[in-house]
Amino acid sequence: MASVLIQFAHPQLSKSIIQKVLLKYCRDIKGVTFNDLYEYYPDLYIDIKREQDLLVAHDIVIFQHPFYWYSCPAIIKQWMDLVLEYDWAYGHNGNMLRGKKMFNAISCGGGKNTYGPHGYNHYPINDFLLPFRQTASLCKMEYMPPFVVHSSFRITDEAIRSYGQQYASILEGLVNDDITPNHYRDIEYLNEVLPSGEFFNND
């Protein structure tokens with residue numbers, strides 16, 4: 001079995017419908033550790049040793065957050081600046097994260113058709129997540145496709161619940177080693193894959 005660490009960051013969680021639903025579905029899954037960064041560090045003073053110990057203890061790291069200004073809430077950048085130390089996470093002797101996996105689980109206001117060369121945002125989601133992909137590469141980790149909830153301002157309650165169920169299924173599949181690189185190697189979003197290797201119907 002694999003252990004999963006969710007590094008959660010939302011500075012205004014009380015105003016988020018989608019993230020609260022995702023939390024409902026993911027917080028109590030066996031094998032998943034939930035780490036609310038703003039709850040632990042409201043002053044942005046990161047406990048580096050605690051965070052490094054959490055990373056060492058888990059196989060898969062998920063950054064779950066709203067997609068603010070094509071990026072992440074400020075505390076995640078602060079976390080990266082402090083926790084991913086040279087010769088610990090990267091560098092010649094920095095091998096503590098080698099072989100682990102990383103991906104983002106994000107909610108964003110725009111629909112999928114707004115992300116691409118002909119859309120309002122001009123680029124696909126994965127282009128905006130390149131800093132995370134390169135961070136994973138530098139730390140000798142594998143970066144997996146993101147889990148993405150689109151159209152957060154217009155989504156129905158039924159669709160939100162469906163996303164929550166998909167997210168929980170994926171987390172359980174990762175914990176149980178039912179999702180392998182063969183299942184997600186050629187897909188854009190992790191949403192698409194079920195633990196069995198089959199695909200969700202997102203129509």
**Request:** Quick one: what are the phi-derived ³J(HN,Hα) couplings along the range 167-178, Karplus 6.51/-1.76/1.60 with θ = phi - 60°, whole Hz, x for glycine and proline?
**Result:** 4, 4, 4, 5, 4, 5, x, 5, 4, 8, 6, 8
**Message:** For a quick check: sort T135, T33 by the number of other beta carbons within 10 angstrom, fewest at the front.
**Reply:** T33, T135
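Can you pull out the chymotrypsin sites (Phe, Trp or Tyr not before Pro) in the range 2-86 that DSSP calls coil and that have at most 12 other Cβ atoms within 10 Å?
Counting only loop positions with at most 12 other Cβ atoms within 10 Å, the chymotrypsin sites (Phe, Trp or Tyr not before Pro) in the range 2-86 are Y45, W69.
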**Message:** List the aspartates and glutamates whose Cα sits under 18 Å from the Cα of K77, skipping any in the same chain fewer than 8 residues away.
**Reply:** D36, E39, D43, D47, E51, E85, D127
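What does the charge count around I48 come to, taking other residues whose C-beta lies under 11 Å from its C-beta (Lys +1, Arg +1, Asp -1, Glu -1)?
Value of the local net charge: -3.
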**Asked** In what sequence, highest mean first, do 180-187, 146-153, 112-119, 54-61 appear when ranked by Cβ atoms within 10 angstrom?
**Response** 146-153, 54-61, 112-119, 180-187
**Message:** Relative contact order of the range 55-203, please, whole-number percent, based on alpha carbon pairs below 8 angstrom and at least 6 residues apart.
**Reply:** 21 percent
**Message:** I want the local charge near G94. Using Cβ-Cβ distances under 10 Å, sum +1 for each Lys or Arg and -1 for each Asp or Glu among the other residues.
**Reply:** 0
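Calculate, in nm to one decimal, what Y123 and S137 gain on full extension: separation in residues at 0.36 nm each, minus their alpha carbon distance.
Fully extending the segment from Y123 to S137 adds 2.9 nm.
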**Prompt:** Sorted from fewest to most neighbouring beta carbons within 10 Å, what does the list R133, R50 look like?
**Reply:** R50, R133
**Message:** So if I take the alpha carbon set of the range 1-71, get Rg, then get Rh from the Kirkwood formula, what is the Rg over Rh ratio?
**Reply:** 0.96
**Prompt:** Pulled fully out, how much extra length does the chain show between K112 and N176, if you take 0.36 nm times their separation in residues and subtract their Cα-Cα distance?
**Reply:** 20.1 nm
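First select every other residue whose beta carbon is under 12 angstrom from the beta carbon of V61; then total the charges, Lys and Arg +1, Asp and Glu -1. Can you show the working numbers first?
Details: positive: K100, K101; negative: E51, D59, E142.
Overall, the nearby charge balance is -1.
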**Message:** Just the number: Rg to Rh for the chain, Cα atoms, Kirkwood Rh, two decimals.
**Reply:** 0.94
**Per-residue Cβ neighbour rank within 10 angstrom, fewest leading, H92, H122** = H92, H122
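Read the figures in this text as sums done on the coordinates, not as results from a lab. Keep in mind the model is a prediction, meaning the values are calculated, not measured. Methodologically, a virtual Cβ is constructed for each residue, glycine included, from the backbone with ideal geometry; neighbour enumeration extends over all protein chains shown.
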